[in-house]
Amino acid sequence: MKAKITVSRDDVISKIDDRIYGSFIEHLGRAVYGGIYQPEHETADDMGFRKDVLALVKKLGVPIVRYPGGNFVSGYNWEDGTGDRSKRPKKLDLAWQTIETNQVGIDEFQEWAKRAGTEVMMAVNLGTRGADEARQLVEYCNLATDTYYADMRRRNGFDKPFGIKLWCLGNEMDGTWQICHLTAQEYARKACEAAKVMKWTDPNIELVACGSSNKNMPTFGEWERTVLRECYDHIDYISLHNYYGNPDNDTPSYLAQAVNMDSFIKTVAAICDEVKAEKHSEKTVNLSFDEWNVWFHSSEQDKHVPRWSYAPRLLEDIYNFEDALLVGTLLITLINNSDRVKIACLAQLVNVIAPIMTENEGCWLQTIFYPFMHASLYGRGTALRPETVCECCDAGKLKDVPYITAAAVENADGGITVFAVNRSLDDDCELEIALPDGYELSEQFELYSDDLKAVNSLDAPDNVTPAKVMPNGERVISRHSWNVLRFKKV
């Protein structure tokens, strides 16, 4: 098979917002307790955070981490996670049917974020709570005033405000599984009023309204229109969530699912612009794809987790090599839509549908860690629109899916990085990359395995890892592979 990717520095998609390489930590399973926080662990620091986990999070370079949920946030009282730990209440978490100890809350998590070199993307509870509690939390986190909630933060040992810029107005409120699920109109009014008082408290924050929980929701489209018509002047982004899986073991259809992500993004962007036109507004509402990943491996085992336990093993998907390929194509799709997608969060970060796994004996990296790391490290700068000519195939209901999908980024140093996935299960690809004059290949990485179902584990952590490819004049990318090609100016 042969393919050609042509990249022009004049064909710009957008400056990439680094926040598209964000992630997510929810009070769910072992994400917090036994994940980022384990005070009895041999690597624990002075606040109980695992330093081995911190090192791996830094390696990913995530610029933001969404917190504390997720479904969890719709029943969460933020005050429970502040102040003296010995006095914090244990509460039932109805979202995940577990017990929450509140030993980690915003006080601790903002400090973890500092140590991880990232920033907090904070979600407020618009399920059991509303505008009043939301604006109180903004005051607690962001204000230096001599007022009740800012003083409360100081009494808890934090003199300087946390300065959290990015806030989510609830979580998946269209879902019937959500605590205090709302109709579109009910949510739109509640979110609008919360947004107003939150921005009146701190005009410098940015707000993300809830879009649809996935593109198959019966209210998809109309939900977005209703929310945007009510909230447009008070929000900055609307969210998208979607998870992908291969329960039918149909690998060609699975590896084509980024086509559906692309369609989802373009549909929501078009609705945003439709409402913009209706309102004769000069403001553009952009997109926050703040939950995306592969999620299906753990669905059966999660049915057998006992209720009301502490930090049980929930949503601990073990990812294989083909999952990493799909994640690569999804990252490429986000880059190629960076004109509208300004924020994205791989859900999640540690133990729960995550690239990083922990046990008492140590940590290990799942297959999906590597394409995400490559994109985060080398995908910053300006997205260029690649023209890809290659063979196509039909994949289930999807027709004419290109075997080669690619993104191109002009980095700050003037170099150009090309990301490419070969979806073909059978054929290597002789790849021609046409760049402007004055570039040469400086380094190349490949993630490949003969076995599409290969996984990493604590005992075999390097079963699937990227290899550095030595340039030899031929540019052939392997069948079913993730590839990073970095070019420098000469």
Can you list the strands (runs of 3 or more DSSP E) lying wholly within region 1-59 that have 1 or more residues being surrounded by fewer than 24 Cβ atoms within 10 Å (Cβ to Cβ) and among the hydroxyl-bearing types (Ser, Thr, Tyr)? 2-6, 12-15
When restricted to LEU169, LEU143, the only residue without any contact (Cβ under 8 Å) to a residue 60 or more places away in the chain, in contact with a helix residue (DSSP H, G or I) (Cβ under 7 Å, 6 or more places away or on another chain) and of a type outside the set (S, T, N, Q) is LEU143
Looking only at region 155-162, decide whether some residue is surrounded by 22 or more Cβ atoms within 10 Å (Cβ to Cβ) and touching a Lys or Arg at 6+ places or on another chain (Cβ under 9 Å). no
Within region 1-12, can one find any residue that is touching a residue at least 60 places away in the same chain (Cβ under 8 Å), in the same structural domain as ASN360 (by TED's automatic domain parsing) and in contact with an Asp or Glu (Cβ under 8 Å, 6 or more places away or on another chain)? no
Out of the residues in region 99-143 that are over 27 Å from ASP236 (Cα atoms) and buried (at least 24 other Cβ atoms within 10 Å of the Cβ), state the one that is nearest to the chain's Cα centre (by Cα). VAL104
Tell me the residue from GLU300, GLU359 that is within 24 Å of TRP96 (Cβ to Cβ), at pLDDT below 95 and of a type in the set (Asp, Glu), please. GLU300
Can you name every residue in region 227-236 that is of a type outside the set (Phe, Trp, Tyr) and either surrounded by 20 or more Cβ atoms within 10 Å (Cβ to Cβ) or under 18 Å from TRP167 (Cβ atoms) (or both)? VAL227, LEU228, GLU230, CYS231, ASP233, HIS234, ILE235, ASP236
Would you confirm whether or not region 321-328 contains a residue that is more than 17 Å from the chain's Cα centre (by Cα) and either at pLDDT 95 or above or assigned by TED's automatic domain parsing to the domain that holds MET122 (or both)? yes
Just to be sure before I move on: is ASP426 in a loop (DSSP other than H, G, I, E, B) and free of Cβ contacts under 8 Å to residues at least 40 places away in the same chain in the structure I sent? no
When LYS399 is run through (1) touching a helix residue (DSSP H, G or I) at 6+ places or on another chain (Cβ under 6 Å); (2) not assigned by TED's automatic domain parsing to the domain that holds TYR243, the failure sits at (1)
It is to be established whether one or more residues within region 429-448 are within 23 Å of ILE318 (Cβ to Cβ), touching a helix residue (DSSP H, G or I) at 6+ places or on another chain (Cβ under 6 Å) and assigned to a loop (DSSP other than H, G, I, E, B). no
Take the residues in region 374-423 that are assigned to a strand (DSSP E or B) and of a type in the set (Gly, Ala, Ser); name whichever of them is nearest to TYR439 (Cα to Cα). ALA408
Quick check: anything in region 274-282 more than 18 Å from the chain's Cα centre (by Cα), of a type in the set (Lys, Arg) and modelled with pLDDT under 95? no
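The values are calculated or read from the model by the stated rules, or taken from the named source; none is laboratory data. Small disclaimer: the values here were computed from a predicted structure and weren't measured. Here the Cβ is made from the backbone with ideal geometry for all residues, glycine too, and neighbour counts use every protein chain on show.
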